[in-house]
Amino acid sequence: MKLSIIIPVFNEEQTINKVLINVNNVNIPGVDKDIIVVDDGSTDATAPEIKNLKLKIKNLKIFRHAKNLGKGAAVRTGIENSTGDYIIIQDADLEYNPNDIKKLIGLVKNSVSGVVYGTRLRRLPNFNRDERTLGFLLHYLGNKFLSFLTSILYGQWITDMETGYKLFPKIVVKDMKLNSKRFDFEPEITAKLLKAGYKILDVPIQTNPR
């Protein structure tokens, strides 16, 4: 099995190096990795940081937008240039732990589900950490509401519709018309996966909210 890991990035010079190294170091038995970075018009030192790793990570592909187009546009560029049987999206800000990719791909390898989301919301906020901030709580409640609304509309329970960790077969999206350029990519692809008849399974993941 081949897995394309799409990493959309915009002005993440402080984290992109570590993210790429961590993703490259994840060992998934029976899975070859196709690592695709899409620099969405970064104006800081993100581009040279990525370029410096090109020789160290043999399966690294780099694409760059001349200007910032948004996360959805970056993911679409990644999908168009992916060669894996499956695709997963990895954010570049260290919120998600790349080791959790093994949890998601494990469910696919065991034929449990064809589409898997990594959920952050099968728990209450941790008020002893930064999750007590107003910004996090508003995002948490907003995501809960949108996930609930999506569940009602499509008749399938989804706990974290806005999660960045989405694993799906390449064959499903290669001819799918995706229009979103920014963060509206999350509800769009979720709705279209559900309309295509795919059951979305979710699995708890670790997060380090920014």
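Throughout, read-outs are computed from the coordinates displayed, never taken from laboratory work. A quick note: this is a predicted structure, and the numbers were derived from the prediction, not measured. Glycine gets a Cβ as well: all are built from the backbone with ideal geometry, and neighbour counts include every protein chain shown.
Region 167-189 and region 1-68 have their alpha-carbon centroids 20 Å apart. A Förster radius of 41 Å, combined with the Cβ-Cβ distance separating PHE183 from ASN52, puts the computed FRET efficiency at roughly 0.90.
If you take all other residues with their beta carbon under 14 Å from the beta carbon of TYR198, and give Lys and Arg +1 and Asp and Glu -1, the sum is +4. Below 14 Å, Cα to Cα, which aspartates and glutamates can LYS174 reach? Residues fewer than 8 away in the same chain don't count. Partners within reach: GLU80, ASP85. Shown here for region 22-75: trypsin sites (Lys or Arg not before Pro) in loop regions (DSSP other than H, G, I, E, B) with at most 15 other Cβ atoms within 10 Å, namely LYS54, LYS56, LYS58, LYS67.
Taking the inverse of the mean reciprocal distance over all distinct Cα pairs, the Kirkwood hydrodynamic radius of region 1-124 comes to 14.8 Å.
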